[in-house]
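Asker: This is the structure I have questions about; it appears just below.
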Amino acid sequence: MRADFEWAGFLMQIYSSEGRRFVDSEFHVRYAETDNMGIVHHSTYFVYFEEGRSEYMRQMGSDYAHVEASGYNLPVTEAQVRFAGSLRYGQKVRVRTWIAESLSRRLTFAYEITAGDDPEVLVTGFTRHVWTGRDGKVTRLPGIWQSHFRTCAE
């Protein structure tokens with residue numbers, strides 16, 4: 001079962017991994033990530049998003065170290081999460097990550113989180129990033145990187 005939300009059309013599009021290149025990352029909920037009820041603390045999902053994003057970039061041949069070595073950074077400018085369920089200590093986590101939008105100055109990753117092989121989507125979200133140079137100023141990404149990330153988004 002998919003978690004469907006009544007949000008703006010753009011967000012609904014972001015949350016659909018169908019027909020997009022995605023990467024699944026899997027790991028288990030660690031005790032330190034839970035609250036006193038044994039449920040994953042809401043702030044932890046942003047860490048899970050980062051794990052998914054990092055694995056996505058590694059598998060697509062463009063890890064953060066490579067991007068940074070070429071003189072660029074990719075800071076988060078916006079992040080959103082929506083909960084339809086929760087995870088508990090010890091459960092297997094699957095983070096599905098894909099590029100929802102790739103523009104010359106901006107990149108948006110989208111995420112779906114499930115409990116392992118269970119198809120029910122418990123959490124959805126996105127992070128929006130801008131490209132900056134080493135000086136921290138927003139910049140256009142060079143053509144070679146633009147084509148790489150646009151290809152990943154198709």
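Derivation of every value follows stated rules applied to the coordinates shown; laboratory data play no part. Remember, predicted model here, so these are calculated numbers, not experimental data. Ideal geometry is used to build each Cβ from the backbone, glycine not excepted, and the neighbour counts take in all protein chains shown.
Asker: Once the piece of chain linking residue 120 and residue 36 is laid out straight, how much longer is it, given 0.36 nm per residue of separation minus the C-alpha distance between them?
Answerer: Taking residue 120 through residue 36 to full extension adds about 27.8 nm, to one decimal.
Asker: Running Debye on the range 21-154 with equal point scatterers at the Cα sites and no solvent, what base-10 log of I(q)/I(0) appears at q = 0.10, 0.14 Å⁻¹?
Answerer: Normalising to I(0) and taking log10 leaves -0.34, -0.64.
Asker: Label-point separation (nm) for residue 84 and residue 59, each offset 7 Å from Cα along Cα-to-Cβ?
Answerer: Output for this residue pair reads 2.0 nm.
Asker: Is any residue of the range 67-82 close enough, with backbone N under 13 Å, to a label point placed 7 angstrom from the Cα of residue 47 along the Cα-Cβ axis, and if so, which?
Answerer: In the range 67-82, the label zone of residue 47 (backbone N under 13 Å from the point 7 Å along Cα→Cβ) covers no residue.
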